[in-house]
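Q: This is the structure I have questions about; it appears just below.
The values are calculated or read from the model by the stated rules, or taken from the named source; none is laboratory data. Remember, predicted model here, so these are calculated numbers, not experimental data. Cβ sites come from the backbone with ideal geometry, for glycine too, and all protein chains shown count toward neighbours. We work out accessible area using only protein heavy atoms, side chains counted, and drop any ligands, DNA or RNA first. Shrake-Rupley method; radii C 1.70, N 1.55, O 1.52, S 1.80 Å.
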Amino acid sequence: MHPLTKLIQKQLKEAADSDKAVPMQAYMKTDQPFYGVQARARKKLLKTAVKDFKNISRDEYQKIIFELWSGEYREEMYQALEVACHYKKFRDETSWSIYGKLTRTATWWDTIDWIASQLIGLLVLEYRHLESHLIVWSEDESMWVRRTSLLAHLKHKEATNTKLLTDTILKLCHEEEFFIRKAIGWALRQYSHTNPEWVKTFVQQHEQKLSNLSKREALKHIQRQGL
């Protein structure tokens, strides 16, 4: 096991809070145990841990991520994603396979949404040819992978590929799965901060195809702002 992995695990154990662990686990509706270390504390721990590991290699980067990802406790998975985000020099197309594996092995919204927006989405934004993967993912048998094909657009703002977003939404809008319908609305709502008129027009044009949940989510920002 990599020394950084051991250090992160040691820090989490020392910071464990059983009073917080139980409600955190209940909130996430998972059988996986929690240490009870919340986000702000985790970020402080990681900041301390990485100080002596500034020059790790790409192989080490991958090793640390997957060692933590396979940990017993939920916070180890969170720290795996925080490590993936921290080492920006490795966040390039060479790491696509790493992030793709994380996507395919994530099993709940907390981790998949993080991967989709913070890793996959930002990589696609920088390397637009990777959008071809999102097209394939939109037809994947895994609901979480299909959700990722939608949420990868969240941080694209003015650079949003509206053609791809449109195609993906129309491909998936027939699904009754809550997490797909919610993701459609979320992606549209996020883009409405950049281009509210486009989102309003899209919802109007496809009103009969979109679920009520998707439309409600899509128009939240627009309605709050009275646009």
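Q: Would you mind checking the pairs Lys54/Lys157; Lys63/Lys182; Lys171/Lys200; Lys101/Lys209 and listing those with alpha carbons more than 29 angstrom apart?
A: From Lys54/Lys157; Lys63/Lys182; Lys171/Lys200; Lys101/Lys209, over 29 Å: Lys54/Lys157; Lys63/Lys182; Lys101/Lys209.
Q: Over the chain, average the accessible area per residue using a 1.4 Å probe and give it in Å², no decimals.
A: On a per-residue basis, 51 Å².
Q: Any chance you could look up the accessible area of Glu177 with a 1.4 Å probe, heavy atoms only, rounded to 10 Å²?
A: Probe radius 1.4 Å; accessible area of Glu177 about 70 Å².
Q: Can you give me the % of accessible surface on segment 63-109 that is carbon or sulfur? Probe 1.4 Å, all protein chains present, nothing else counted. The partial results should precede the final answer.
A: Numbers: 1010 of 1880 Å².
Whole-percent figure for carbon plus sulfur exposure: 54.
Q: Using a 1.4 angstrom probe on heavy atoms only, work out the carbon and sulfur share of the accessible area of segment 139-227 in %.
A: Answer for segment 139-227: carbon and sulfur cover 43 percent of the accessible area.
Q: Counting only the heavy atoms of the protein chains, how much of Lys6 is accessible to a 1.4 Å probe, in Å² to the nearest 10?
A: Per-residue accessible area (Lys6): approximately 120 Å².
Q: Determine the relative contact order of segment 148-193: mean sequence separation of Cα pairs under 8 Å and six or more apart, normalised by residue count, in whole percent.
A: On the way: 29 pairs, mean separation 24.2, N = 46.
Computed value for segment 148-193: 53 percent relative contact order.
Q: Taking 8 Å as the Cα distance limit and 6 or more residues as the minimum spacing, I'd like the relative contact order of the chain as a percentage.
A: Numbers: 272 pairs, mean separation 27.2, N = 227.
In percent, rounded to a whole number, it is 12.
Q: A further question on this structure: At 4 °C and 1.567 mPa s, grab the translational diffusion coefficient of the chain from Stokes-Einstein with a Kirkwood Rh over Cα pairs, rounded to a whole number in µm² per second. Mind dumping the intermediate values first?
A: Working: Rh = 18.7 Å.
Estimated via Stokes-Einstein, D reaches 69 µm²/s.
Q: Under 12 Å from the Cβ of Glu72, count the other residues' Cβ atoms, weight Lys and Arg +1, Asp and Glu -1, and hand me the total.
A: -2
Q: Could you work out how far helix 18-28 tilts from the main Cα principal axis of the chain, as a 0 to 90 degree angle to the nearest 10?
A: 30 degrees
Q: Scan around Asn161 for amide H atoms under 5 Å from its own, H built in the peptide plane at 1.01 Å from N, and keep only partners 5 or more places away or cross-chain.
A: Long-range HN contacts for Asn161: none found.
Q: Probe 1.4 Å, all protein chains in place: accessible area of Val203 in Å², nearest 10?
A: 10 Å²
Q: Give the angle, between 0 and 90 degrees and rounded to the nearest 10, that separates the Cα long axis of helix 196-205 from the longest principal axis of the Cα atoms of the chain.
A: For helix 196-205, the angle is close to 60 degrees.
Q: Rounded to the nearest 10 degrees, what's the angle between the helix 58-69 long axis and the longest principal axis of the chain, both from Cα atoms, 0 to 90?
A: Between the helix axis and the principal axis of the chain, the angle is about 90 degrees.
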